[in-house]
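S.K.: This is the structure, below, for whatever I ask next.
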Amino acid sequence: MRKKVLGVLVSGRGSNLQAIVDAINSDRIVAKIGVVISDNPEANALRRVAGLDIPTAVVERKKYASKQEFEAAIIAQLDLHHVELVLLAGFMRILSPQFINRFPARVMNIHPALLPAFPGLDAQEQALRYGVKVSGATVHFVDEGMDSGPIILQEAVPVEDDDTVATLSERILHLEHRLYVRAVRLYCEERILMEGRTVKILPPRQNPREEGERH
Ligand code: GRF
């Protein structure tokens, strides 16, 4: 199967970006990162890919008169690098419906809670405040709402009595890295099927040669 081209949008630390890069380098994901785009020139995520053969672009909101022009600049970069799947990996801006419609079911996000619980910012803190006994991570396609798009994968972690925001976030972050890699891998293997807002995961494709060899 031809390698899919990924575009990763980041704003900060970049640990999910790192997980994707590592998975590609170890052949757990067959894809290529076409471009990493940051709205923050200081993002640590940019440092993670410096020196690798991955193009980067900084697109700062303040350099554009409107959100529309800012997003047009991001889209121009994604198009320039022939990106097929857009990954939000700690990208701290809300994308407009115009942007989302430009990439239907082709923008993924990872959220540090079991959606639809605790959408938006500080999901781990919201979970602790509420007093839930399990939380987790969700990979979903992005739609026009806030963390409301079709869910691709979810997994839970326990919330312990002595958890702080830091300890719970750390536990969820480990899970995020695994879950995001799995979701991107499923996309690249063309195993994600959308039925309305329900996402179904198809079984692994048989290699036709292997099938032939079975007879
Ligand atoms: C992660 O917790 C992710 O779920 C949320 O933002 C954080 C980004 O972390 N959307 P990193 O930049 O990938 O380390």
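S.K.: Suppose only helical runs count, i.e. DSSP H with n ≥ 4. What mean residue ellipticity at 222 nm does that imply for the chain under -39500 (n - 2.57) per run, divided by all residues and rounded to the nearest 500 deg cm²/dmol?
M.R.: Result for the chain: -10500 deg cm²/dmol, rounded to the nearest 500.
S.K.: For Cα pairs less than 8 Å apart in space and 6+ apart in sequence, what is the mean separation divided by the residue count of segment 9-77, i.e. the relative contact order in percent?
M.R.: Over segment 9-77, the number comes to 32 percent.
S.K.: Then there is this: What shape does segment 95-211 have by the C-alpha gyration tensor, where a ≥ b ≥ c are the square roots of the eigenvalues, rounded means a/c under 1.5, and otherwise prolate means a/b greater than b/c and oblate the rest?
M.R.: oblate
S.K.: Same structure, new question: Please go through segment 151-185 and write out the GluC sites (Glu not before Pro) that DSSP classes as loop and that have at most 14 other C-beta atoms within 10 Å.
M.R.: Sites meeting the loop and neighbour criteria: 160.
S.K.: Quick one: grab the alpha carbon gyration tensor of segment 39-157, order the square roots of its eigenvalues as a ≥ b ≥ c, and give me rounded if a/c is under 1.5, else prolate or oblate depending on whether a/b is larger than b/c.
M.R.: It is prolate, given that a/c is not under 1.5 and a/b is the larger ratio.
S.K.: Turning to a different aspect of this structure: May I ask what percent, to the nearest 5, of DSSP beta bridges between residues of the chain are antiparallel?
M.R.: The antiparallel fraction comes to roughly 45 percent.
S.K.: Below 8 Å, C-alpha to C-alpha, sequence gap of six or more: please give me the relative contact order for the chain in percent.
M.R.: Relative contact order of the chain: 18 percent.
S.K.: Under the rule a/c < 1.5 gives rounded, and otherwise a/b versus b/c splits prolate from oblate, where does segment 1-84 land using the Cα gyration tensor?
M.R.: It comes out oblate by the Cα gyration axes.
S.K.: Now, a different point. Which value, in Å to one decimal place, does the Kirkwood hydrodynamic radius take for the chain when every pair of different Cα atoms is included?
M.R.: It is 18.1 Å.
S.K.: Percent relative contact order of segment 100-202, based on C-alpha pairs within less than 8 angstrom and at least six residues apart?
M.R.: 25
No value in this document is a laboratory result; all are computed from the given coordinates. Source: prediction; values computed, not measured. We place every Cβ from the backbone using ideal geometry, glycine too, and count neighbours over all the protein chains shown.
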